[in-house]
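Beneath this line is the structure, given in structure tokens, with notes to follow.
The values are calculated or read from the model by the stated rules, or taken from the named source; none is laboratory data. Computed from a prediction, not measured in an experiment: that's the story for all the values here. Glycine gets a Cβ as well: all are built from the backbone with ideal geometry, and neighbour counts include every protein chain shown.
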Amino acid sequence: MKERLQKLLAAAGVCSRRAAEGYIEAGRVTINGKISVLGDKADPEADEIRLDGRALEPRRKTVTLVLNKPRGFVTTLSDERGRKTVADLVKGCGARVYPVGRLDLDSEGLLLMTNDGDLTQRLTHPGGEAEKTYHVWVRGPVEGAAERLAGLRELGEEPIRPAGVRVLRQGAGTARISVTIHEGKNRQVRRMCAACGLTVERLRRVREHTLELGDLPPGKWRFLSAAEIEALKGP
């Protein structure tokens, strides 16, 4: 049965649908030797589909897991600078899985990894990116910090939606706060804190959409249940 090419690429686990559209527009995908265009359909059973000259592998079983990423690991499958990657932590999962979004080198916590392109698309599409909650340890002018953070409407010249912010613990010049955002802008929470005069000492993601990190130890991962995956794909 013929299906849209970007859906087939995502189903094969090579990328998200959004990334697949970019590959197609760049002329990197062929169907039976002919360069494809957006809107093309193919039958993976009858057509030869290639990305950068390499044949698309048959549909594979989808694997989705959650990793408690420690600090000091980059969110990529390989690193030209030889740094430790999240791929090193999930080698035993039995599949090549890709990070859903990013956590920077110095951040930690919940990181979804999957070869399910449809799930990746659901969680990262700009029109409906999933809520993410972070616990952030900060120092600086913490009095009124929650109100300042919740009141931000732009970072530089980039508009942002209002964040949900609450104080978990506050001391003299230090605090631990919970920040829930609705977008995935680069280093958004750190940039928000900097805009409010706060220095981030530690940042941990504890929730993405319907999934919570719970008590999963740092550096460990687990497979998601069918019910958890279904919930992530829902509204």
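Structural remarks
- The number of residues in segment 85-101 that are without any contact (Cβ under 8 Å) to a residue 60 or more places away in the chain and of a type in the set (Lys, Arg) comes to 1.
- Residues of segment 67-77 that turn out to be among the hydrophobic types (A, V, I, L, M, F, W, C) and not in a loop (DSSP other than H, G, I, E, B), as a count: 2
- Cβ-Cβ under 6 Å pairs, at least 6 apart or on other chains, segment 206-223 side of a type in the set (Asp, Glu), far side surrounded by 19 or more Cβ atoms within 10 Å (Cβ to Cβ): Glu208/Leu110; Glu208/Ala130; Glu208/Lys132
- Subset of segment 1-54 that is hydroxyl-bearing (Ser, Thr, Tyr) and in a loop (DSSP other than H, G, I, E, B) - its residue that is nearest to the chain's Cα centre (by Cα): Ser16
- Glu80 falls short on exactly one of the conditions (1) among the charged types (D, E, K, R); (2) buried (at least 16 other Cβ atoms within 10 Å of the Cβ); (3) in a loop (DSSP other than H, G, I, E, B), and that condition is (2).
- One residue from Arg148, Arg207, Arg222, Arg166 being over 19 Å from Met113 (Cα atoms), of a type in the set (Lys, Arg) and out of contact with any Cys (no Cβ under 8 Å at 6 or more places or on another chain): Arg166
- Between Leu51, Leu110, the distinction of being within 30 Å of Met1 (Cα to Cα), modelled with pLDDT of 90 or more and of a type outside the set (D, E, K, R) belongs to Leu51 only.
- For segment 107-137, the set of residues classified as more than 11 Å from the chain's Cα centre (by Cα) and over 24 Å from Pro162 (Cβ atoms) consists of Glu108, Asn115, Asp116, Gly117, Asp118, listed by residue number.
- Selection of segment 194-232 for residues being of a type in the set (Phe, Trp, Tyr) and surrounded by fewer than 16 Cβ atoms within 10 Å (Cβ to Cβ) yields only Phe223.
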